Protein chains: 4
Amino acid sequence: GPDLFLILGPCVIESEELTLRIARKVAAVSEETGIPVIFKASFDKANRTSVHSYRGPGMDAGLEILAKVKKETGLPVISDIHIPAQADAAAEVLDVIQIPAFLSRQTDLLLAASRTGRVINIKKGQFQAPDDMEHAIKKVISAGNSRIMLTERGVSFGYQDLVADMRSIIKMKRFGFPVVFDATHSSQFPGKGAGRSGGDRSFVAPLAKAAVAAGADGIFMEVHPDPDHALCDGPNCYHLDHLQHLVLVLSAIRKVVSSGTEQFSEP
Amino acid sequence: GPDLFLILGPCVIESEELTLRIARKVAAVSEETGIPVIFKASFDKANRTSVHSYRGPGMDAGLEILAKVKKETGLPVISDIHIPAQADAAAEVLDVIQIPAFLSRQTDLLLAASRTGRVINIKKGQFQAPDDMEHAIKKVISAGNSRIMLTERGVSFGYQDLVADMRSIIKMKRFGFPVVFDATHSSQFPGKGAGRSGGDRSFVAPLAKAAVAAGADGIFMEVHPDPDHALCDGPNCYHLDHLQHLVLVLSAIRKVVSSGTEQFSEP
Amino acid sequence: GPDLFLILGPCVIESEELTLRIARKVAAVSEETGIPVIFKASFDKANRTSVHSYRGPGMDAGLEILAKVKKETGLPVISDIHIPAQADAAAEVLDVIQIPAFLSRQTDLLLAASRTGRVINIKKGQFQAPDDMEHAIKKVISAGNSRIMLTERGVSFGYQDLVADMRSIIKMKRFGFPVVFDATHSSQFPGKGAGRSGGDRSFVAPLAKAAVAAGADGIFMEVHPDPDHALCDGPNCYHLDHLQHLVLVLSAIRKVVSSGTEQFSEP
Amino acid sequence: GPDLFLILGPCVIESEELTLRIARKVAAVSEETGIPVIFKASFDKANRTSVHSYRGPGMDAGLEILAKVKKETGLPVISDIHIPAQADAAAEVLDVIQIPAFLSRQTDLLLAASRTGRVINIKKGQFQAPDDMEHAIKKVISAGNSRIMLTERGVSFGYQDLVADMRSIIKMKRFGFPVVFDATHSSQFPGKGAGRSGGDRSFVAPLAKAAVAAGADGIFMEVHPDPDHALCDGPNCYHLDHLQHLVLVLSAIRKVVSSGTEQFSEP
């Protein structure tokens, strides 16, 4: 559709209580701003930098919590899977199945996700060109599903840094599917930190605004009521209290860039 | 100041007639949109890819044409110099002296430009980090001039490609000087073309919008009435006929991102 | 040990007959040059660019063929796994289990591989810094296995290109494990090709020589009797007929760089 | 010619005494190893990171010192120029005129250097692809001089880092001119340091060996008797006392890679 949408939630499910608390706040922002939101939280961070990092509650417990979020808030939910065997169970709860960036070339994972019939959000690998998404799309479609979203989440730029190439949004939109910009992970410094990914939260809002201005259909942001103590991706997590204001700004930019020429043709 | 400004004009002075024609159109856009414009055209392209490319009319003839632009349209003018010996003559006509990106570390050029007292627009090298601009700024200030602008024009990204890192705008703004985004050269594929730089014009407008959304104070764009036949940088040159509409969009985005929170606090 | 070793074989198991034919030739080169060789072939290319590409015979049939290679030639064998569930079956045949570069951060895969007690060859992700390997190493060690090799296979350099950073070899050697340089995949242009990875075979030999000169302990190369018709990675595959000469050159370079200073101290 | 050659000397002329002392040592290494050496020192570092850095004695005093080096040691000398006006004076003393990497696209500088008839060493810009050198070569040749060398000195890799792409050596050799690898500047971290370029000296020797193995005809290294107190590029400067050993290793690698197949055909 023509309207902006958002994918919002904590990096990982830290607890049922906190997850629901964030979901309620996110749902309130959605209602007050009129911008549709998909609630996101991972049940298992299967590729944390360090083996000692918190990974989440696991699939079964995590999906149960996401089902509660869905029931209580009415928000659609999205989460990521890591091996083909998780696809069917995930599809019973999730509205959107997300393919992690590192795994965006794993054929069997794409096929298994596709077969569930759920919407598939493919995150473009940090090592991939926008054009490379053609092949990921074809893999999903080959299994009978063409409900696809593509997400830009930054591309490798030297060591331990990512750059958000706004051209990628423009190029990927040419495939005809909604393009999401992940403002959280584009603000990451992978591996730069003592055993965990670093990041710079101050880039999240400007990059999100830039992406909407460049034409992104959706914005993905991890939000937390206490980013400094988040169990995952805290350094580049956005504070829940600032969310509503940012959403209104993003929505206003979207209106400017998606409006026809009429309103601007006469100064 | 808080308002958006633009640096607009052809890549190179092709002829007096064409330069004046473009300047008149640019001045009209400025007047109709209320957005201040500095007129830009190079008198000598001293670093063309190929020795056979058109370089321009040279300094003396070029400055004479720019003086006419200034007189006829009232627009301030900017152009680039390449060796210290050009600084004084250039300063007699130019309002802003531009330091080319390749030359942004040439100490004597920065000092000579600084000593003229004109505003200095330092283009960040394709090989430089935003933080590196600290040293260029200090060079200019050491010669007694602190009227500085900084321009992001893309950073090397593999071979024959540039990426526009929007974080660079945010970081450079911390120096306290206006930050310009060059949407034309950020859309360049350097060296990719038969003896001249390639580019993709379709990125110019979205990147310009993204940069304003990310906080850029100014936008630099090369414009031409017939980009396909421009003598320099045609592939990534913006069509003069589309300029006014884009300027209105950029201005509207600027208003959204620079306004206080009030207007967005009530949906 | 102080001596050079090689990992050689076809990209993928195309057929039992061809695999054995290549293995016999590789074994002969090993015997004639005195350089130890581990035979490599994938049983499943789980992340091919296109869904239509040949993937291999699958795990069970593939391991059977590798067992035959081992029995007939006496060469140790290495292959790659993609999900944790494959680790135990693979360990029954393989001497070395390889973790693909895209999957080098998948914690469960590293742990499952580690628990088999086999040597683990971790390929550094195209998106990773040499220092990042510390965390992959710790994951493997945390499951009780410290028989590790690290492989450099090129790092993302702009879009659809990889660069072989020789500093990576030097840095990774500081971890205290053997460091392998993958000359085949470092010569790849990922995604650049009509639905498959491109590459440039002419870089394989010079990069392999450079890596040995820079201190690599092992060289990984895909070899084929007919690279132009190989079913996988043909463009950057090395011709089997040229192998022995190259191995002798690599061995001679290794001798030069690993010898003490004595032989060079008196001209 | 088929033999390896070296370009050696301090980054900058610190004093006549020190320059001559280094030159004598370098000449002795050349004599004892039989490897030809061109002596290199800059008379003016025109693009230091900081305006406060030492720049050198200037052109006139510097060329006088280089003339003394030449007279006393018999070594040919090379230095770099920054503006066209320096070419003629430089050519009176220098055997090779070097075009700095940042200036490798400055047409007038290339033309002025070319017209002197001296050998021209063009350093490939940190922002350039190997293929881009075609245009720099054509500029030099257009002014009547085809005595050219090309130097790889690292390419931009993210921010404040360079990577030495060994493929560049292979690609540039296809132009038919000698290719030099600059092991010093390829070990630089530009801008990473408090107001000066950082670097890591431990990469110099392995990268030099790798480059010779990959086919480089010449190696450029900055050497100093006390790198920690060098006035320029100390962090990545090679210690003069270790030079002879390294030269012998490089020479031995060159012999291995340039010899015909005979010596290796019978194990």
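Using a 10 angstrom cutoff on alpha carbons, build the Gaussian network for chain B and name the most mobile of B:Leu250, B:Leu231, B:Leu94. Most flexible of the set in this elastic network: B:Leu231. Under the √(5λ) rule applied to the eigenvalues of the Cα gyration tensor, what semi-axes describe the equivalent ellipsoid of the range B:71-161? Give them in Å, descending. Each semi-axis is √(5λ); the values are 23, 16, 11 Å. Applying a 4.7 Å Cβ-Cβ cutoff to the protein assembly as shown leaves A:Cys237, B:Cys237, C:Cys237, D:Cys237 as cysteine residues with no disulfide-compatible partner. Based on Cα contacts under 8 Å between residues 6+ apart, the range D:150-267 shows a relative contact order of 22 percent. Inter-copy label distances at D:Tyr54, shortest first and taken from points set 7 Å along Cα to Cβ: 4.9, 5.4, 6.3 nm.
Note on chain A: helix-only mean residue ellipticity at 222 nm, from DSSP H runs of 4+ residues weighted -39500 (n - 2.57) and normalised by residue number, equals -11000 deg cm²/dmol. Projecting 7 Å from Cα along the Cα-to-Cβ direction, the label point of C:Asp226 sits 5.6, 6.7, 6.8 nm from its equivalents in the other copies, listed shortest first. Partner aspartates and glutamates whose Cα lies under 20 Å from the Cα of A:Lys68, excluding those fewer than 8 positions away in the same chain, are identified as A:Glu14, A:Glu16, A:Glu17, A:Glu31, A:Asp44, A:Asp60, A:Asp80, A:Asp88, A:Glu92, A:Asp95, A:Glu222. Within the protein assembly as shown, all pairs of alpha-carbon atoms sorted by distance into 20 Å bins from zero give the percentages 12, 41, 36, 10, 0. Annotation: the range D:16-56 has a Kirkwood hydrodynamic radius of 12.1 angstrom, from the mean reciprocal C-alpha pair distance.
Here, P(r) means the percent of Cα pairs in each 10 Å bin from 0 to the largest distance; for chain A it is 7, 31, 39, 19, 2, 1.
Relative intensity of the range A:110-228 on a log10 scale, I(q)/I(0) at q = 0.10, 0.13, 0.17, 0.21 Å⁻¹, equals -0.32, -0.53, -0.85, -1.14, per a Debye sum over C-alpha point scatterers of equal strength in the absence of solvent. Compute the distance in nm between two label points, each set 7 Å from the Cα along the Cα-to-Cβ direction, one at A:Asp95 and one at D:Tyr54. Label-label distance for A:Asp95 and D:Tyr54, simple model: 6.7 nm.
Taking a straight Cα-Cα cut-off under 20 Å and skipping sequence neighbours fewer than 8 places away in the same chain, the lysines within cross-link reach of C:Lys171 are A:Lys192, C:Lys123, C:Lys124, C:Lys138, C:Lys139, C:Lys209, D:Lys192, D:Lys209. Between C:Glu72 and D:Arg115, the FRET efficiency estimated from the beta carbon spacing at R0 = 60 angstrom works out to 0.35.
Relative intensity of the range A:184-237 on a log10 scale, I(q)/I(0) at q = 0.20, 0.25, 0.29 Å⁻¹, equals -0.69, -0.94, -1.12, per a Debye sum over C-alpha point scatterers of equal strength in the absence of solvent. For A:Glu31, place a label point 7 Å out from Cα along the Cα→Cβ vector, do the same in each other copy, and report the separations in nm, one decimal, smallest first. Going from nearest to farthest copy, the values are 5.4, 7.9, 9.1 nm. What sits nearest the axis between copies D and A, counting only chain D Cβ atoms, is the residue and whole-Å distance D:Gly158, 1. I need to check one value: relative contact order of the range A:196-262, counting alpha carbon pairs closer than 8 Å and at least 6 residues apart, in percent. The normalised contact order for the range A:196-262 reaches 37 percent. Computed from the Cβ-Cβ distance with R0 of 25 Å, the FRET efficiency linking A:His239 to A:Glu16 stands at 0.70. Kirkwood radius, the range C:28-129, all distinct C-alpha pairs, inverse of mean reciprocal distance: 14.4 Å. Between the alpha-carbon centres of the range C:41-108 and the range A:182-211 there is a gap of 35 Å.
Straight-line cross-link partners of A:Lys173 among the aspartates and glutamates, defined as a Cα under 18 Å from its Cα and at least 8 positions apart when in the same chain: A:Asp3, A:Asp131, A:Asp132, A:Glu134, A:Glu152, A:Asp165, A:Asp182, A:Asp217, B:Asp200. Here is the size of the range C:1-80 from its Cα atoms: Rg then Dmax, 13.1, 43 Å. Measuring nothing but how far apart in sequence close Cα pairs (under 8 Å, 6+ apart) lie, relative to its length, chain B scores a relative contact order of 17 percent.
Note on D:Ala61 and A:Asp3: with the Förster distance fixed at 60 Å, the Cβ-Cβ geometry gives a FRET efficiency of about 0.30. Taking the DSSP beta bridges with both ends in the protein assembly as shown, the antiparallel portion is around 15 percent. Look at A:Asp80, D:Asp44 and count the other Cβ atoms within 10 Å of each Cβ; fewest to most, that gives D:Asp44, A:Asp80.
Quick note: the coordinates plus some simple rules give every number you see, no bench work behind them. Remember, it's a predicted structure, so these values are computed and weren't measured experimentally. Note: ideal-geometry Cβ built from the backbone for every residue, glycine included; neighbour counts use all protein chains shown.
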